[in-house]
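These notes concern the structure reproduced below.
The values are calculated or read from the model by the stated rules, or taken from the named source; none is laboratory data. Remember, it's a predicted structure, so these values are computed and weren't measured experimentally. Every residue, glycine among them, receives a Cβ derived from its backbone with ideal geometry; neighbour counts consider all protein chains shown. For accessibility, only protein heavy atoms count, side chains too; no ligands or nucleic acids. Shrake-Rupley method; radii C 1.70, N 1.55, O 1.52, S 1.80 Å.
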Amino acid sequence: MINSDTTIRDIKAKIPDNIWSQDPDIIAPYLSEWRGRWHGKTPMILRPRTAQDIADIVKICAQYKTPITVQGGNTGLVGGQIPEGEILLSTQYLNQIRSTSVNNMSMVCEAGVTLENAQIAADDIGLKFPLSLASQDACTIGGNLSTNAGGVHVLKYGTAKELVFGVEAVLANGEIFHGLTDLRKDNTGYNLSNILLGAEGTLGIITAASLKLFPKPTETIRVMAAIKTPQHALELLSCVRIGNHLSMFEIMPALGLEYITTHIPNMRDPFTENHPWYVIFDWEFSDQKDPQNFAESALGNAMEKGLILDAVIAANESQSNALLALRENLSAAQKPIGATIKHDITVPVSDVATFIQKANAAVLKHTPDCHPLPFGHLGDGNIHYNIGQPENLTGEQFMALEPDINDIVYDIVDALCGSISAEHGIGILKKNQLAKRADPAKLGMMKRIKTSLDPDGILNPRNIL
Ligand SMILES: Cc1cc2nc3c(=O)[nH]c(=O)nc-3n(C[C@H](O)[C@H](O)[C@H](O)COP(=O)(O)OP(=O)(O)OC[C@H]3O[C@@H](n4cnc5c(N)ncnc54)[C@H](O)[C@@H]3O)c2cc1C
């Protein structure tokens, strides 16, 4: 790696000993990720405690043009947080909640605060930070903002970038950008915090963020409904989207429920009969007089229209958690079944059923007996389109088909005016597809922004472009 020896020498001389390490045992856990798809290498890990530490480190790297890979909670699914020879900078110890404000309904979190701890801090002052992912005990606010994470509550609250007033970040020259603010209105030129959101660490290292908080609902009603087809799910979505109550609407097929109840301990099918598809949804209430009555009447209406085959309403918090666990453990439940080719796509909500039908037909024609498993955030038009290996192929043989299968799936997405990355980002995994499919003008603007903010390409240099 260019000049990394001199960089390492200067870091050792100028940065406190407790921040850097070259011990392979300390470094090892940071070099592979959740899916086991990427295994990286690095000459040194840095675990700074403050934004100023990061600024000092980046200044040294900038001087010698030494590349850095940034890592938060290491739950990213596109490989961007795993170094391939770059110096690794973990934000793990940048984990203070700097302030909370009930009046401004805001909170300043450092980048390494886990999403779960951010939610708890909001809850402690009687408010809600609504971002919610299955990885929330490990993923960090910096990672969430850099990937513009989605999760199950986008339907009501938006993606991570909609939950931010502004960020503090270290730029590629080591300067600290002071974008923390509680202002709900500020039209003083370009919104520079926004440029860093969803940039996957290519334009700056986020060190803290001022987050938007929301009133806590007084009651949440969670429902799991059995349905016939994804088209019925779409019609049900329109039927239960009443007022501003619907905050989650997830779909999964029978195969998903079967994997979960087979492979994940303590998971139970809440229905007595098998059904082809299921949706899980939440209504949040803060002012409704009789939420239970509202829910029963909405479900009765959906049943009369023939949209629901059967339904269960969670009676208490533990039942409610058990229903969501069925959805949230879907990714983990696919691990034991062998190799899986995964996609995180989005199409206009109205086209989700068409996408599932076309994609299933096309991949089964290409690879008969494979196991498509479309599931996810139907309310946002976001489907995790995963395909399990057929019994007649080894995992290796199946993964060799990935480029062809990706093209089949993404061609359908393009034809429906969708996107090849709904919430996981581009990282390393989808770079080639982005280069092939993105609007050339968009790619040109992205490259010019990157060159202008990071002329020597030292921040996450292998990500996105
Ligand atoms: C079980 C499971 C469920 C998941 N569910 C969802 C889901 O529902 N929705 C969803 O959107 N994602 C989901 N994810 C993906 C993942 O949790 C998110 O992408 C998350 O936002 C990543 O956060 P992280 O802190 O782990 O980031 P990392 O994995 O460490 O990094 C992700 C990217 O952000 C960059 N980065 C990290 N921190 C910073 C920083 N401070 N400044 C600049 N760049 C930075 C990294 O370089 C990398 O490119 C899931 C993952 C798992 C394992």
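A few comments on the model shown:
- Taking each residue of the stretch 135-151 that is not assigned by TED's automatic domain parsing to the domain that holds Glu423 and of a type in the set (Gly, Ala, Ser) and looking for partners that are in a loop (DSSP other than H, G, I, E, B) and more than 6 Å from the ligand (Cβ to nearest atom) with beta-carbon atoms closer than 7 Å, six or more apart or interchain, yields Gly142/Gly112; Ser146/Ala199; Ala149/Leu131; Ala149/Thr159; Gly150/Thr159; Gly150/Ala422; Gly151/Leu131.
- Among the residues listed as Phe294, Phe271, the single one being open to solvent by less than 40 Å² (accessible area, probe 1.4 Å) and modelled with pLDDT under 95: Phe294
- Top-ranked residue in the stretch 145-154 [being under 16 Å from Lys212 (Cα atoms) and touching a His at 6+ places or on another chain (Cβ under 8 Å); ranked as farthest from the ligand (Cβ to nearest atom)]: Val154
- For Leu234, the stated conditions hold: it is modelled with pLDDT of 95 or more and either within 29 Å of Ser421 (Cα to Cα) or open to solvent by less than 60 Å² (accessible area, probe 1.4 Å) (or both).
- Of all residues in the stretch 180-219, exactly one satisfies the criterion of being within 13 Å of Ala111 (Cβ to Cβ), more than 11 Å from the ligand (Cβ to nearest atom) and assigned to a loop (DSSP other than H, G, I, E, B), namely Leu180.
- Just one residue in the set Lys335, Lys342, Lys358, Lys365 is within 16 Å of the ligand (Cβ to nearest atom), open to solvent by 40 Å² or more (accessible area, probe 1.4 Å) and modelled with pLDDT of 95 or more; that residue is Lys342.
- Pick from the stretch 165-175, criterion within 13 Å of the ligand (Cβ to nearest atom) and touching a residue at least 40 places away in the same chain (Cβ under 8 Å), ranking: surrounded by the most Cβ atoms within 10 Å (Cβ to Cβ): Val167
- Per-region count, the stretch 383-419, residues open to solvent by less than 10 Å² (accessible area, probe 1.4 Å) and not hydroxyl-bearing (Ser, Thr, Tyr): 9
- If only residues of the stretch 12-33 that are part of a loop (DSSP other than H, G, I, E, B), of a type outside the set (A, V, I, L, M) and closer than 24 Å to Thr75 by Cα are counted, the one that is least open to solvent (accessible area, probe 1.4 Å) is Glu33.
- So Ile449, is it within 16 Å of the ligand (Cβ to nearest atom), under 30 Å from Gly85 (Cα atoms) and open to solvent by 40 Å² or more (accessible area, probe 1.4 Å): yes
- Looking across the stretch 297-307, the residues that are in contact with a Cys (Cβ under 9 Å, 6 or more places away or on another chain) and either surrounded by 14 or more Cβ atoms within 10 Å (Cβ to Cβ) or within 16 Å of Ser247 (Cβ to Cβ) (or both) come down to Ala298, Asn301, Ala302, Leu307.
- Contact map, the stretch 353-378: first residue within 19 Å of Glu402 (Cβ to Cβ), second residue more than 16 Å from the ligand (Cβ to nearest atom) and acidic (Asp, Glu), Cβ cut-off under 9 Å, separation 6 or more or different chains; pairs are Ala362/Asp411; His366/Asp404; Thr367/Asp404; Asp369/Glu391.
- Number of residues in the stretch 320-332 that are touching a residue at least 24 places away in the same chain (Cβ under 8 Å) and open to solvent by 30 Å² or more (accessible area, probe 1.4 Å): the value is 5.
- In the stretch 64-144, counting only strands (runs of 3 or more DSSP E) that sit wholly within it, the ones holding 1 or more residues that are within 12 Å of the ligand (Cβ to nearest atom) span 68-71, 87-90, 106-110.
- Set side by side, the residues Ile57, Ile68, Ile87, Ile141 differ, and just one is within 30 Å of Pro348 (Cα to Cα) and crowded, with 24+ Cβ neighbours inside 10 Å, which is Ile141.
- Restricting attention to the stretch 420-441 and to residues that are away from the ligand (no atom under 16 Å from the Cβ) and closer than 23 Å to Val349 by Cβ, the residue that is surrounded by the most Cβ atoms within 10 Å (Cβ to Cβ) turns out to be Gln433.
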